[in-house]
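Data block below; observations after.
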Amino acid sequence: MPGATPDVDEGDDPNDGVRIDMISGARMEGLTGMEKIRLILDGVRDGNIVILEEGLSPDEESKLIEVTMTEISPDDFTGIEIETYPKPASGNQSFLDKLMGRESTQKLTVIGPANRIETLHKDENLISTLVSRK
Amino acid sequence: MGLLTSLKDSISRVTDGLFAADEPKRIGIYGPPNAGKTTLANRIARDWTGDAVGPESHIPHETRRARRKENVEIERNGRKVTIDIVDTPGVTTKVDYKEFLDHDMDKEDAVRRSREATEGVAEAMHWLREDVDGVIYVLDSTTDPFTQVNTMLIGIIESQDLPALILANKTDLADSDVQQIANAFPQHETIPLSALEGENMDEVYTKIAEYFG
């Protein structure tokens, strides 16, 4: 499946550091909503940080929260931390986009395991996070 | 035959529309955990029906199932608005049972509470996508509103074109900052209130009638 978590060199010890998957908009483009969510959650459940170049639509975000909740289990997976730049006050959609119902989803998004990523600071221009090792 | 079918469909659409207009609107009360959603739901239900919706608590995730109070009739300026209030579990992207251990719970109770909380949040998200006609978004005005959950939920509500009323709750507390919430969501009107003390409920009811009537 094109959306599966990318293969990595099995010789790498994940305890040596933190793996970051930066996923381009082009890679996400051909995936269904559920495939995108699976791609993200599979990576995060492996302890990785996933960075999406273009983020998710509001509907996909809603489903991501829902699926995350169904996968939380004690002493194993406590959920996700997710951060995007806040939408500017004026909104980031043109009048034509709003009229045509087109949603602008292009927003860099950082997602990681809730027990390993902590947001230190966030504003419209900067997301600062602390990522801990396993 | 085609003309008759088309006429029948048209009449059916008109009658459906008439009945739909009489049906109460389902208004979901959403927000992060501990914002005072159930306190507000109880306040509204007690003011207009005499009953409560559910128990309130300072422990996060006290509400773990969406609870509905049907046919709440709110009268404003000689006009009646009938709504079903849906009190939903606080939305979050993470639930760790260990947080509940700080509230005098043993591990078994904490794990059960966290499992119910996750089911409740999933249910709340489903309601938001499928089953509500409008949203009252409750925020604790003593805390930072610039959180990812708030940003995402407001985005989801806007993408569904649902009417949304933002309430800045807990104005009875000294460190309440309503302006901070107004600044976070300038595209929406922010109404201050204390659901606990019943402060500014008149304006809240006027806005409910205006937004959801």
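The values are calculated or read from the model by the stated rules, or taken from the named source; none is laboratory data. These numbers were taken from a predicted model, which means no experiment stands behind them. Counting neighbours? That spans all protein chains shown, and the Cβs are built from the backbone with ideal geometry, glycine included.
Of all residues in segment A:44-68, those satisfying the criterion of being surrounded by 21 or more Cβ atoms within 10 Å (Cβ to Cβ), closer than 20 Å to A:Thr119 by Cβ and either facing chain B (nearest Cβ under 8 Å) or in contact with a helix residue (DSSP H, G or I) (Cβ under 6 Å, 6 or more places away or on another chain) (or both) are A:Val50, A:Glu61, A:Leu64, A:Ile65, A:Thr68.
Kindly provide the set of residues from segment B:186-213 that are part of a loop (DSSP other than H, G, I, E, B), touching a helix residue (DSSP H, G or I) at 6+ places or on another chain (Cβ under 6 Å) and closer than 11 Å to B:Ile166 by Cα, ordered by number. Please lay out each step first, then the result.
Of the residues in segment B:186-213, the ones part of a loop (DSSP other than H, G, I, E, B) are B:186-189, B:193, B:195-198, B:200, B:213.
Checking the rest, the ones that are also touching a helix residue (DSSP H, G or I) at 6+ places or on another chain (Cβ under 6 Å) come to B:193, B:195-196.
Selection gives B:Leu193 alone.
This table checks each residue for (1) surrounded by 21 or more Cβ atoms within 10 Å (Cβ to Cβ); (2) in contact with a helix residue (DSSP H, G or I) (Cβ under 9 Å, 6 or more places away or on another chain); (3) part of a helix (DSSP H, G or I).
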{"residue": "B:Glu108", "(1), (2), (3)": "no, no, yes"}
{"residue": "B:Arg112", "(1), (2), (3)": "no, no, yes"}
{"residue": "B:Glu123", "(1), (2), (3)": "no, yes, yes"}
{"residue": "B:His126", "(1), (2), (3)": "no, yes, yes"}
{"residue": "B:Arg129", "(1), (2), (3)": "no, yes, yes"}
{"residue": "B:Ala168", "(1), (2), (3)": "yes, yes, no"}
{"residue": "B:Asp175", "(1), (2), (3)": "no, no, no"}
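Out of segment B:180-197, which residues are surrounded by fewer than 19 Cβ atoms within 10 Å (Cβ to Cβ) and either within 14 Å of chain A (Cβ to nearest Cβ) or within 20 Å of B:Tyr211 (Cβ to Cβ) (or both)? Across segment B:180-197, the qualifying residues are B:Gln180, B:Ala182, B:Asn183, B:Pro186, B:Gln187, B:His188, B:Glu189.
Of the residues making up segment B:54-68, those that are away from chain A (no Cβ under 14 Å) and crowded, with 21+ Cβ neighbours inside 10 Å number 1. Going by what's in this entry, would B:Lys37 be described as touching a Gly at 6+ places or on another chain (Cβ under 7 Å), at pLDDT 90 or above and under 22 Å from B:Pro192 (Cα atoms)? The answer is yes for B:Lys37. Taking the criterion of being under 21 Å from A:Thr129 (Cα atoms), outside any strand (DSSP E or B) and aliphatic (A, V, I, L, M), the residues of segment A:26-66 that qualify are A:Ile40, A:Leu41, A:Val44, A:Leu56, A:Leu64, A:Ile65. Does B:Ile136 meet the test of being more than 14 Å from every other protein chain (Cβ to nearest Cβ), buried (at least 18 other Cβ atoms within 10 Å of the Cβ), out of contact with any helix residue (DSSP H, G or I) (no Cβ under 6 Å at 6 or more places or on another chain) and not in a loop (DSSP other than H, G, I, E, B)? It is true that B:Ile136 is more than 14 Å from every other protein chain (Cβ to nearest Cβ), buried (at least 18 other Cβ atoms within 10 Å of the Cβ), out of contact with any helix residue (DSSP H, G or I) (no Cβ under 6 Å at 6 or more places or on another chain) and not in a loop (DSSP other than H, G, I, E, B).
So which of B:Leu196, B:Leu162 is of a type in the set (A, V, I, L, M, F, W, C) and under 23 Å from A:Ser62 (Cβ atoms)?
B:Leu162
Conditions tested, residue by residue: (1) at pLDDT 95 or above; (2) at negative phi.
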site: A:Asp46; (1), (2): no, yes
site: A:Gly55; (1), (2): no, no
site: A:Glu71; (1), (2): yes, yes
site: A:Glu83; (1), (2): no, yes
site: A:Asp97; (1), (2): no, yes
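Go through the residues of segment B:71-94 one by one and say whether even a single one is over 19 Å from the mean Cα position of the chain (by Cα), within 14 Å of chain A (Cβ to nearest Cβ), in a loop (DSSP other than H, G, I, E, B) and closer than 25 Å to A:Thr109 by Cα.
No.
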